[in-house]
1. Go through region 230-236 residue by residue and turn each phi into a ³J(HN,Hα) via Karplus (6.51, -1.76, 1.60, θ = phi - 60°); whole Hz please, and just put x for glycine and proline.
2. In whole Å and largest first, what semi-axes does the C-alpha gyration tensor of region 164-263 yield when each eigenvalue is scaled by 5 and square-rooted?
3. So between Ile184 and Phe54, what do we pick up on full extension, going 0.36 nm a residue minus the alpha carbon distance?
4. Report the relative contact order of the chain, percent, no decimals, based on alpha-carbon pairs under 8 angstrom and at least 6 residues apart.
5. Return one number: the angle in degrees, 0 to 90 and rounded to the nearest 10, between the long axis of the Cα atoms of helix 16-29 and the longest principal axis of the Cα atoms of the chain.
6. From the backbone phi of region 180-186, what are the Karplus-calculated ³J(HN,Hα) couplings (6.51 cos²θ - 1.76 cosθ + 1.60, θ = phi - 60°) in whole Hz, Gly and Pro given as x?
7. Average projected area of the Cα convex hull of the chain, in nm²?
8. Hey, how many Å between the Cα centroid of region 83-145 and the Cα centroid of region 183-199?
Amino acid sequence: MKRKSKSIILEIIENRGLIKNLAKNDFKTKFAGAYLGIIWAFVQPVVTVLIYWFVFEKAIGAAAPYRGERPLAYVLWLVAGIVPWFFFSDCVSAGTVALVEYNYLVKKVVFNVDILPVVKAISSIFVHAFFVIFTVLLFFLYGYLPDLYILQALYYSLGVLALALSISYLTSAVSIFFPDVRQIVGIALQIGVWLTPIMWSIDDMQAKIPSAIMVILKCNPMYYIVMGYREAFIDKVWFWEHPGITLYFWAFTVLIGLLGVTVFKRLKVHFADVL
């Protein structure tokens, strides 16, 4: 299993130029023919944030957990948590259908299909980078100056990328033989956004949810990522101050990655025949 994962890592490094070009092209062709072009890639997430902000703060009256000397605007707390979820959701959704979308490349004997999930993930980075910058600017407008803690956004983005790729190698390979997997992934992401403490605070739920369920919620690897983004932008806590959950996250990601790569490699010889 380790040998298989290492081979894919080497293939990614060796084909980094091709991956970069394919990712750029993939990003551009998503909105080919639309008058606003790639602007649509940024419009939908912004509209989603506005809807959640209006519904939860203005309609329901939700407020951000108290932080520091002054109340924190709910929109800041919301954005800091939802930006990494956008990245994760986009990577997994696109990665799951990577082989199907690029079936004409899969059928070419000389093309290395191992890089296709990576192409989709890199394509998603362009939008994510914009929203990280957008988050920094939003916090600045509310009077929160950038500091060294914000650099952790790079670390947590790497964590999202690793987790999403690990899942994508598994789902992209299996979905060719069982197309229903694509629908299952979509439903899982819809459920996941609500089970992850993005719009709600897990601290506020301590007294309302049984401890066993609370443990399960914290086992969600995206809990670590969302918590990390908020600690980078709001709480000012370094990731190594949580060694236990950090170790759990990377152990979980590595295990899923090994499983995904193993399944991908074993099914790879049948991809062209099924597609």
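1. Ordered by residue, 3J(HN,Hα) equals 5, 6, 6, 8, 10, 7, 6 Hz.
2. Working through the eigenvalues yields semi-axes of 27, 18, 12 Å.
3. Full extension from Ile184 to Phe54 adds 43.9 nm.
4. Relative contact order here is 28 percent.
5. 70 degrees
6. Ordered by residue, 3J(HN,Hα) equals 4, 4, 4, 6, 5, 4, x Hz.
7. Its Cα hull, projected and averaged over all orientations, spans 16.3 nm².
8. Distance between centres, Cα-based: 17 Å.
Laboratory data are not the source of any read-out in this text; all were calculated from the coordinates shown. Fair warning: this is a prediction, and the values are worked out from it, not measured in the lab. Neighbour counts are summed over all protein chains in view; Cβ atoms, including those assigned to glycine, are modelled from backbone coordinates with ideal geometry.
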